[in-house]
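S.K.: Sharing a structure with you now.
Read-outs: derived from the displayed coordinates by stated rules, not from any lab. Everything numeric here is computed off the predicted structure, so don't read it as measured data. Don't worry about glycine lacking a Cβ; one is built from the backbone with ideal geometry, like all the others, and counts go over all protein chains shown.
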Amino acid sequence: MARVLFYEKLGCGSNTRQKALLAAAGHEVIACNLLTEAWTAEHLLAFFGHRPVAEWFNRAAPRVKSGEIVPEQADADTSLELMLQDPLLIRRPLIEAEGRKEVGFNQELIHAWLGLTQTDSDLESCPRSHQHAPCPAPGQ
């Protein structure tokens, strides 16, 4: 089984369920705080690969939900700069294992890559509605 670096927002329920699936499949999951990591543009780009820029964004980020940032209208350089300044904008989780890096939790992709006990539920989208306040920061 693989050693998986899992960059998450601490306290995120979806990330907790995603880590549990990886662990249940026998992987060693090393949780890392996405919000405090010392990111560089090059390091982030390695996770995004050839995905369109709009797929780099966390759709549940307050600045995206409010319409302040429209991922479909963003260019790569500006998006990276915004994400370095505000890591909440980064789609999560970021996953690194066996020399490969990915963004998001596409169960089919992860199953083909690492092996995963699949579930029918959506484990990537935030289950909280737009009317709810953002998840509390860890320790609150």
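S.K.: So how much slack lies between residue 3 and residue 111, counting 0.36 nm per residue of separation and subtracting their Cα-Cα distance, in nm?
M.R.: 37.4 nm
S.K.: Next question. At what distance in nm do the modelled label points of residue 51 and residue 65 sit from each other, each positioned 7 Å from its Cα along Cα→Cβ?
M.R.: Distance between the two pseudo-spin positions: 2.0 nm.
S.K.: Percent of Cα-Cα pairs more than 22 Å apart in the stretch 1-114, please.
M.R.: Percent of Cα pairs beyond 22 Å in the stretch 1-114: 30.
S.K.: For the stretch 1-105, what is the percent of antiparallel DSSP beta bridges, rounded to the nearest 5?
M.R.: DSSP beta bridges in the stretch 1-105 are roughly 55 percent antiparallel.
S.K.: Then there's this: Compute the signed sum of charges (Lys and Arg +1, Asp and Glu -1) over the other residues within less than 12 Å, Cβ to Cβ, of residue 61.
M.R.: Value of the local net charge: +4.
S.K.: Roughly how many nanometres apart are two label points built 7 Å out from the Cα toward the Cβ at residue 40 and residue 84?
M.R.: In this crude spin-label approximation the distance works out to 1.0 nm.
S.K.: At 0.36 nm per residue, minus the direct Cα-Cα distance, what do residue 76 and residue 28 gain on full extension? Give it in nm, one decimal, please.
M.R.: Answer, rounded to one decimal: 14.0 nm.
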